[in-house]
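Asker: Before anything else, here's the structure in question.
Please treat every number below as a calculation from the coordinates, not as lab data. Since we're looking at a predicted model, the values are computed, not measured. FYI the Cβ positions are ideal-geometry reconstructions off the backbone, even for glycines, and counts take in every protein chain you see.
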Amino acid sequence: MNVKGIIYLTAKSTIIEAFGEEKWNAFVPKLAAKDKFFGNAIFSLTLIPMEKFIFFLDEMVKEFFNNDMMNYVTFGMVSAQYALSADGPYKAYILTKDTKQFVDFVLPKLWSSYFDEGKVTTLFKDNVIHFKITGLTFKHYYFEKLLMGYYRQAIKVFGKKTNAKQVRSLVSGDDDIYFQFEIKD
């Protein structure tokens with residue numbers, strides 16, 4: 001499984017905004033010293049193997065967030081906020097105003113904008129967004145938390161506050177990742 005470089009560039013922008021360019025520029029050589037992959041230029045369409053992406057996230061959390069792995073949730077939320085903002089690469093995805101259309105078409109499209117493996121299916125029923133990812137071979141607890149944070153924030157950017165709940169997890173031995181986002185208002 002690969003991650004598209006846009007998510008790395010989102011992390012870079014977020015870290016620079018929060019901590020300054022000097023701290024990011026000090027972090028990258030340390031990262032590249034541990035894994036030569038990160039000594040190369042990464043562009044928005046660069047394919048990053050998932051193992052290397054998780055390594056990058058873990059190193060970023062150690063460096064900037066005191067090794068608090070629950071910051072994967074925060075990173076997911078910040079990534080969605082940036083990606084769907086007026087300056088973000090996927091701002092057009094939130095032009096729709098219909099919740100069902102957003103759930104049926106936009107949420108799965110966001111997945112394929114970042115990842116080259118797995119399939120997202122969604123359903124909007126009884127004021128709950130059912131969100132399922134199948135076909136993944138990669139298992140990582142905090143990555144699942146990143147996804148939950150990302151999609152919860154994407155729904156919030158769309159204009160709906162939710163209570164998020166993870167129902168199933170690959171890490172826990174289930175066959176898929178399944179979230180429910182109950183709309184509060």
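Asker: Mean separation of Cα pairs under 8 Å and 6+ residues apart, divided by the residue count of the chain: what relative contact order is that in percent?
Answerer: 22 percent
Asker: Which residues in segment 120-134 have a backbone N closer than 20 Å to a point placed 7 Å from the Cα of R168 along the Cα-to-Cβ line?
Answerer: Flagged as within label range: 120-126, 128-134.
Asker: Further question: When ranked by the protection proxy of mean other Cβ atoms within 10 Å per residue, highest first, what sequence do the peptides 85-91, 3-9 form?
Answerer: Taking the mean over residues of other Cβ atoms within 10 Å, the ranking is 3-9, 85-91.
Asker: So if I average 1/r over every pair of distinct C-alpha atoms in the chain and take the inverse, what Kirkwood radius in Å does that give?
Answerer: Over the chain, the inverse of the mean reciprocal pair distance is 16.9 Å.
Asker: Pick from E22, E59, E51 the residue whose mean-square fluctuation is largest in a GNM of the chain, springs joining Cα atoms under 10 Å.
Answerer: Comparing E22, E59, E51 in the GNM, the peak value goes to E22.
Asker: May I pose another question? What aspartates and glutamates sit close enough to K52 to cross-link, taking a C-alpha to C-alpha distance under 17 Å and skipping anything fewer than 8 places away on the same chain?
Answerer: D35, E63, D116, E117, E144
Asker: Further question on the same structure: So how far apart, in nm, are the two label points at T99 and D87 if each is 7 Å from Cα heading toward Cβ?
Answerer: 3.2 nm
Asker: Could you give the size of the charge dipole of segment 27-185 about its Cα centre, using +1 on the Cβ of each K and R and -1 on the Cβ of each D and E, expressed in debye and rounded to the nearest 20?
Answerer: The calculated dipole for segment 27-185 is roughly 320 debye.
Asker: Still on this structure, please answer the following. Using 7 Å Cα-to-Cβ label points, what is the Q180/M70 separation (nm, one decimal)?
Answerer: 2.3 nm
Asker: Using θ = phi - 60° and the Karplus curve 6.51 cos²θ - 1.76 cosθ + 1.60, what whole-Hz ³J(HN,Hα) does each residue of segment 142-153 get, with Gly and Pro shown as x?
Answerer: 6, 4, 4, 5, 4, 4, 4, x, 4, 6, 4, 5
Asker: Straight-line reach from K132: which lysines fall under 16 Å, measuring Cα to Cα and dropping same-chain residues less than 8 apart?
Answerer: Hits, sequence-local ones excluded: K100, K109, K119, K145, K165.
Asker: A follow-up question, please. Per the Kirkwood formula on distinct C-alpha pairs, the Rh of segment 30-120 is how many angstrom?
Answerer: In segment 30-120 this quantity evaluates to 15.2 Å.
Asker: Could you tell me the ratio Rg/Rh of segment 2-74? Both radii from Cα atoms, Rh via Kirkwood.
Answerer: Using only Cα positions, Rg/Rh for segment 2-74 is 0.92.
Asker: Further question: In degrees from 0 to 90, rounded to the nearest 10, what is the angle of the helix 6-19 Cα long axis to the longest principal axis of the chain?
Answerer: 70 degrees
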